[in-house]
Amino acid sequence: MVNSTEEKVIVRPCKQDSNDVVECRRIFSEGIQEQIWPGTKLLYPRYCKMAVFILPAVLALGWHSSLWIVLIYFMFCLTVAVGLYLGIKRDILRFIGFVCKTDLRNVDKFYGGKGSCLLVAECNGKVAGLVGLIQRDSSVLELKRMGVCQSFRRRGIASRLLERAVKFAEEFEYKKIALNTSSPVGAVELYQKFGFHIVDTKPLLDNVWSQDWKARDMELLL
């Protein structure tokens, strides 16, 4: 790996009529898909507790009736576990499809207004990361679509993007930067390093299995 001090990183606006948009969609899609399995693992403890709670009754029924009942129960549990994974994958892929057909398709429409911008980090001539900045109102800038290509991580690129985002907000005299993230703890810690603090936490998905998969609303007062 090339030492980060030798790499040339430029943070600049995304260009609609270039390969930038394609690379932004790729980086965003890959980053979100990385959350499928970690997110599913957060759902399994709640599901397993319920399955174990029911197990004694199933064993008793199997003992008095037929052991096939126990076998069918375990097959059912396995099917539900696979279904949970596929359900999470389906929801995430739908979200990716929506984003790639809207703001990461027509950058000029969604990010071209005054006080908004889609920034990309270019490392050694390649698009390595992105962050979207959209005016929520005259005093609040919303940060979204933050992502860094896997092969360019741990090189300070996310920090460079955040630094430029904060500078952008200050240039347009925003009072606050707001964001929502379901990313791993490491990403939350990075935001906190820049002064963001958590203002609300809620389940990412609206179903009983997803109560432990949290989305965090964070903000930075300027």
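The values are calculated or read from the model by the stated rules, or taken from the named source; none is laboratory data. Since the structure is predicted, the reported quantities are computational estimates derived from the model, not experimental observations. We place every Cβ from the backbone using ideal geometry, glycine too, and count neighbours over all the protein chains shown.
Tell me whether region 2-17 contains one or more residues that are closer than 30 Å to Val107 by Cα and at pLDDT below 85. Checked region 2-17: at least one residue is closer than 30 Å to Val107 by Cα and at pLDDT below 85. Can you find a residue in region 207-220 that is over 14 Å from the mean Cα position of the chain (by Cα), farther than 21 Å from Ser29 by Cα, of a type in the set (A, V, I, L, M, F, W, C) and modelled with pLDDT of 95 or more? Yes, the conditions are met somewhere in region 207-220. Pro45 meets the conditions (1) loosely packed, with under 13 Cβ neighbours inside 10 Å; (2) free of Cβ contacts under 8 Å to residues at least 60 places away in the same chain in every case but one. The failed one is (2). For Cys100, the stated conditions hold: it is within 17 Å of the chain's Cα centre (by Cα) and not polar (S, T, N, Q).
From the list Ser29, Ser18, the one residue that fits, being outside any loop (DSSP other than H, G, I, E, B) and of a type in the set (S, T, N, Q), is Ser29. When every residue of region 42-62 is checked against the conditions, at least one turns out to be closer than 22 Å to Asn180 by Cα and either assigned to a helix (DSSP H, G or I) or in contact with a His (Cβ under 9 Å, 6 or more places away or on another chain) (or both).
Scanning region 79-129 for residues that are among the β-branched types (Val, Ile, Thr) and either within 22 Å of Pro38 (Cα to Cα) or touching a Ser or Thr at 6+ places or on another chain (Cβ under 8 Å) (or both) yields Thr79, Val80, Val82, Ile88, Ile92, Ile96, Val99. Is it true that some residue in region 96-108 is touching a strand residue (DSSP E or B) at 6+ places or on another chain (Cβ under 6 Å) and either among the small types (Gly, Ala, Ser) or surrounded by 14 or more Cβ atoms within 10 Å (Cβ to Cβ) (or both)? Yes, because at least one residue in region 96-108 is touching a strand residue (DSSP E or B) at 6+ places or on another chain (Cβ under 6 Å) and either among the small types (Gly, Ala, Ser) or surrounded by 14 or more Cβ atoms within 10 Å (Cβ to Cβ) (or both).
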